[in-house]
Amino acid sequence: MKAGARGFDSKLVHSGAQDDAHGSVVTPIYQTSTFAFESAAHGAECFAGKTDGYIYTRLGNPTIRALEDCVAALEEGCGAVATSSGMGAVTTAYLALLKGGDHVVSTASVYGPSRILMEGHLAGFGVASTYADTSDLDAMRHALRPETRMVYVETPSNPLMQITDLFAAAELAHANGALLVVDSTFASPYLQRPLALGADVVLHSVTKFINGHADVVGGILAARDASLLQKLRKMMTLTGCNMDPHQAFLVHRGLKTLSLRMERAQATAGRVAHWLEARPEVDWVRYIGLPSHPQHELAARQMSGPGAMISFELKGGLAAGESLMNRVKLATLAVSLGGVETLIEHPASMTHSGVAPKERAQAGISDGLVRLSVGIEDADDLVEDLRQALEPA
Ligand SMILES: *Cc1c(COP(=O)(O)O)cnc(C)c1O
């Protein structure tokens with residue numbers, strides 16, 4: 001790592017650069033499964049962890065290390081572990097840090113598969129879990145049990161952008177002998193650094209803002225201290241959910257423009273959110289940057305910006321949602337988020353169409369709810385696209 005790379009943007013561009021024999025400015029793709037030892041003694045030292053030498057790509061690889069070191073620097077952690085997907089990171093955190101008899105308190109609106117893995121599979125191994133609105137500190141406190149060993153928080157949450165107070169959550173968790181693990185995917189390290197607020201582990205689906213170009217699926221975890229990092233790395237290598245060198249190269253390439261992409265997307269999102277709030281077809285808008293967001297002040301304290309995710313409710317319900325999806329021309333009809341292209345999604349007719357209407361309502365997914373991941377197109381074009389899609393022919 002180059003000396004003097006201190007500010008976030010300098011770290012973004014320079015952290016993690018790995019030396020190679022030719023002075024490559026960019027860490028090359030070390031597309032190799034295994035690494036030759038210089039001698040039997042060198043091999044023994046590598047296995048004993050006495051040198052930094054590489055052994056086998058599932059255990060570590062210079063291209064993957066470059067990305068891990070960069071994210072660790074951005075998250076102000078002691079190191080990071082890259083995984084094959086965001087769910088690989090979630091699985092690694094669960095399996096590395098929990099055992100039978102433990103209890104977990106989790107954000108109720110947590111990413112669906114994170115909850116299914118916990119309730120449907122870890123429960124069978126004796127890990128109990130309770131789901132609470134963690135944006136409500138009392139609700140989180142009441143969900144704790146003596147055997148709670150992990151508080152697992154997703155903030156901002158999906159789709160309603162609820163914010164959990166990370167500083168308070170860390171205090172609650174630690175006073176109870178539990179770790180605080182944060183899925184920070186919706187914020188990216190550009191907007192929020194959970195480790196600096198007291199979290200023990202922060203994880204991301206790098207598929208979203210970190211890679212930012214909708215062309216890679218991947219995940220990463222960063223840890224507060226070396227003993228946590230070691231547990232995470234060990235579990236990642238045992239479960240085999242390692243990132244691939246080519247994947248790591250692409251993610252690291254995308255990551256370098258995180259600040260530029262976020263600033264632009266966020267500026268456009270602010271404009272689109274204000275515009276939507278004034279539309280007669282729209283019942284309400286949930287955007288962290290609007291004063292109407294119920295936790296606008298907490299967000300301003302905990303995050304360095306409101307980000308690029310907007311949810312809004314159409315007065316016309318299901319039919320209005322379907323019509324909007326069919327009429328947009330610039331925004332792309334797709335799930336996922338955090339890329340340079342604007343994506344639009346209608347949970348009631350798309351991701352959550354298989355969920356019973358009553359359960360959908362309980363999860364805060366109303367029939368007219370639309371989620372927008374704002375990209376970096378011209379703001380005027382996006383507003384015009386939404387206008388022509390919302391206005392009756
Ligand atoms: C997408 C997502 C995940 C899962 O990530 P994958 O890369 O799809 O495995 C986890 N958490 C959040 C908040 C996500 O948005």
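For the reader, a short list of remarks on this structure follows.
- In degrees, nearest ten, helix 317-327 long axis to first principal axis of the chain (Cα): 70
- Summary value for segment 3-62: 26 percent relative contact order, contacts being C-alpha pairs under 8 angstrom separated by 6+ residues.
- Solvent-accessible area of Leu59, all protein chains in place: 70 Å² (probe radius 1.4 Å, heavy atoms, ligands and nucleic acids excluded).
- Pairs of Cα atoms nearer than 8 Å and 6+ residues apart set the relative contact order; for the chain it is 15 percent.
- The label-point distance for Arg271 and Ile55, in a model that sets each label 7 Å from Cα toward Cβ, rounds to 5.3 nm.
- Working from Cα pairs under 8 Å separated by at least six residues, relative contact order for segment 45-183 is 18 percent.
- Stretched out straight at 0.36 nm per residue, the stretch from Thr257 to His42 would grow longer than its current Cα-Cα span by 73.6 nm.
- Rule-of-thumb Rg ratio for the chain [Cα; 2.2 N^0.38 Å; N residues]: 1.01
- Modelled spin labels at Ser33 and Asp225, positioned 7 Å past Cα toward Cβ, are 3.9 nm from each other.
- Diffusion of segment 65-171 by Stokes-Einstein, at 25 °C in a medium of 0.890 mPa s and with Rh set to the Kirkwood radius over alpha-carbon pairs, works out to 166 µm²/s.
- Here the spin labels are modelled as points 7 Å beyond Cα on the Cα-Cβ line, and at Ser353 and Asp20 they lie 4.5 nm apart.
- Against the chain, whose longest principal axis comes from its Cα atoms, helix 245-255 is set at around 50 degrees.
- Accessible-area order (highest first, 1.4 angstrom probe) of the listed residues Lys208, Lys99, Lys256: Lys99, Lys256, Lys208
- Order of exposure, largest accessible area first, which applies to Arg279, Arg387 with probe 1.4 Å: Arg387, Arg279
- Normalising by residue count, segment 258-390 has a Cα convex hull of 103 Å³ per residue.
- For segment 225-287, the set of chymotrypsin sites (Phe, Trp or Tyr not before Pro) satisfying both a DSSP loop assignment and a count of at most 10 other C-beta atoms within 10 Å is empty.
- Measuring r between the beta carbons of Ala128 and Thr237 and using R0 = 35 Å, the FRET efficiency lands at 0.80.
- In the calculated pair-distance distribution of segment 120-221, the portion above 16 angstrom amounts to 59 percent of the Cα-Cα pairs.
- With a Cα cut-off of under 24 Å and a minimum spacing of 8 residues unless on different chains, the lysine pairs in the chain number 13.
The values are calculated or read from the model by the stated rules, or taken from the named source; none is laboratory data. These figures come from a predicted structure and were not determined experimentally. As a convention, Cβ positions derive from the backbone with ideal geometry for all residues, glycine included, and neighbour counts pool all protein chains shown. When the accessible area is computed, the model is the full protein with side chains, heavy atoms only, and any ligands, DNA or RNA have been set aside. Shrake-Rupley method; radii C 1.70, N 1.55, O 1.52, S 1.80 Å.
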